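Have a look at the structure below before the remarks.
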Amino acid sequence: MFLDAPPIRPTAPTERPSIDAAARACPKDARRVLFISYPFPPVGGAGVQRTTKFVKYLPHWGWMPSVLTVANPSVPAWDQSLVKDVPAEVTVRRARTYEPSYATKAGVTGKSESAGNGQAKRGGAKALASAMVHRIAKLVLQPDPQILWLPHAIREGRKLLDQIPHAAIVASGPPFSTFLIGASLAQHSGLPLILDYRDEWDISNSYWENKKLDRFSLLLQQRMQYGVVRAASALVATTRHSADALARVRDLAKSRARATWIYNGYDSEDFETIEPPATPKPTYRLSYVGTLWNLTSTEPLVAAIELLASRTPDVAARLEVVFAGRRTPQQSQILARLKSLPCRLVEHPYLDHDGAMELVQSSDGLCALLSDLPGAARVVPAKIFEYMAARRAIIAIGPTGEMWDLLRDCPAARLNTPSDIEGIARTLTNEIERVGAGRPLEGAAWDASAYDRRNEARQLSELLNTLAPTAGSKH
């Protein structure tokens, strides 16, 4: 099995151009690459940043991006602060989708979930109807509801490729219907296709909320994935172990695509001035930024705080726990257990990127969570890299795997498995007492520059150079 991958710790570029300088550095005759991404500014969320930062920094490496995205996205979060990362020179085409609004979708989904908790059993006709609509929609809309974007996206993408010569296509998923669009446009244009897996297709189907698939859907989506993989020239994962998994998918699909990985990262422009937290402090602020769902369950952390509160309530009283981001109802119920403890719980909804960075840099410790589930050892939460750049203590709770490998040489990281409740409680105690005593963080000056987003853009440009060595489109 051939796995062609970039080095884990690439050398950081010494030159740090601004977004405008990067755009000016791109020659007028630069090759163009078309990005296909459903989430794109002003849409918010973790999945938006990877494509956005590629688009921001690729011009510095000789590639001018174009973007095909959705005109009326059905999404839960918006983030105007990310719009400034898109260079003015970038062509952005937006195609409409037939999807209903996110509020409408959430209403149907929410009712079907409540029906599963007993509402339907009480004879609620409305709940039963909502559950039926939800089941039919999941069966028909394969591989995801965003497939309703496909007709307009393909039409708009063909127009763009016919009007402006491009040298390659990058499709970003999930949603994985984007891969179907990319495969269609690659066939139309003859251009090499890169599938950028922000998450693995199989892991997303296994753990994402409302994603329990029947056997027919699983088989159908397997065929879909094999089809797009055969159409691709390269498969890009966000971790080394995910790239290994994609290589196995590639082999099963009988594809010749290269399998590699490019980590997520952080944008150094978000961390131009980093102030260490003041010490000593009477309160230790521990923050989690991101979505809470069954793959990032807060259960181990809450259980550890409960243990801490039962043994040393005075220490627990000096802990402030902040959660910012979307969370499933189940995770909200777990968090609610903290309200009866001496610690302070602060809950924010989704914060835009600027707000999230303010929270990160106002914290004493930053929490990363991964549940001990099959496949989770291949995952690295995207926020890890911004945590590194912030030079704060990282309390990482997850199974031994790639997250551990990535953080093992970071002195500011404290690593615990989800089952080690005693160890997590001990880590919290040590951190609270360290800040209370005014002791500085060991390894606060650790260099995370290898994970600068500029590096990620450089790695993608190198892959593009190998797949499209000559300028222009083939059609």
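The values are calculated or read from the model by the stated rules, or taken from the named source; none is laboratory data. These numbers come from a predicted model, not from an experiment. In this analysis, Cβ positions are derived from the backbone assuming ideal geometry, glycine residues included, and neighbour counts consider all displayed protein chains.
Within region 384-406, none of the residues are of a type in the set (Lys, Arg), without any contact (Cβ under 8 Å) to a residue 12 or more places away in the chain and outside any helix (DSSP H, G or I). Per this entry, residue 75 is counted among residues that are modelled with pLDDT of 90 or more, of a type in the set (Val, Ile, Thr), closer than 30 Å to residue 459 by Cα and in a loop (DSSP other than H, G, I, E, B). Please go through region 331-350 and give me each residue that is under 30 Å from residue 47 (Cα atoms) and surrounded by 15 or more Cβ atoms within 10 Å (Cβ to Cβ), ordered by number. Those that are under 30 Å from residue 47 (Cα atoms) and surrounded by 15 or more Cβ atoms within 10 Å (Cβ to Cβ): 331, 334, 335, 337, 338, 344, 345, 347, 350. Based on this model, can you work out whether residue 122 counts as modelled with pLDDT under 65, among the charged types (D, E, K, R) and farther than 17 Å from residue 51 by Cβ? Answer is yes for this residue. Against the test of being among the basic types (Lys, Arg), closer than 21 Å to residue 420 by Cβ and without any contact (Cβ under 8 Å) to a residue 60 or more places away in the chain, the options 311, 337 yield a single qualifying residue, 337. Candidates 265, 290: the one that is of a type outside the set (A, V, I, L, M), in contact with a helix residue (DSSP H, G or I) (Cβ under 6 Å, 6 or more places away or on another chain) and on the phi > 0 side of the Ramachandran plot is 290. None of 415, 351, 359 is without any contact (Cβ under 8 Å) to a residue 24 or more places away in the chain and either in contact with a strand residue (DSSP E or B) (Cβ under 9 Å, 6 or more places away or on another chain) or outside any loop (DSSP other than H, G, I, E, B) (or both) except 415. Can you tell me which residues in region 362-382 are within 30 Å of residue 439 (Cβ to Cβ), assigned to a loop (DSSP other than H, G, I, E, B) and not small (Gly, Ala, Ser)? Correct list: 364, 370, 380, 381.
Among residues of region 197-215 that are among the small types (Gly, Ala, Ser) and at pLDDT below 85, none has a Cβ under 7 angstrom from a residue that is surrounded by 16 or more Cβ atoms within 10 Å (Cβ to Cβ) and part of a helix (DSSP H, G or I) at a sequence gap of 6+ or on a separate chain. Applying the criterion of being small (Gly, Ala, Ser), in a helix (DSSP H, G or I) and at pLDDT 95 or above to the residues of region 135-184, the residue that is farthest from residue 32 (Cα to Cα) is 177. Right, residue 75: of a type outside the set (Asp, Glu) and more than 22 Å from residue 455 (Cβ to Cβ) or not? Here the answer is yes, as residue 75 does meet what is asked. Name the single residue that is nearest to residue 31 (Cα to Cα) among those in region 442-454 being surrounded by 21 or more Cβ atoms within 10 Å (Cβ to Cβ) and of a type outside the set (Gly, Ala, Ser). Step by step, filter region 442-454, then rank; the result is 454. For region 201-223, state whether one or more residues are of a type outside the set (Val, Ile, Thr) and under 25 Å from residue 466 (Cβ atoms). Yes, region 201-223 has at least one match. Of the residues contained in region 241-257, one or more are found to be within 21 Å of residue 452 (Cα to Cα) and surrounded by fewer than 23 Cβ atoms within 10 Å (Cβ to Cβ).
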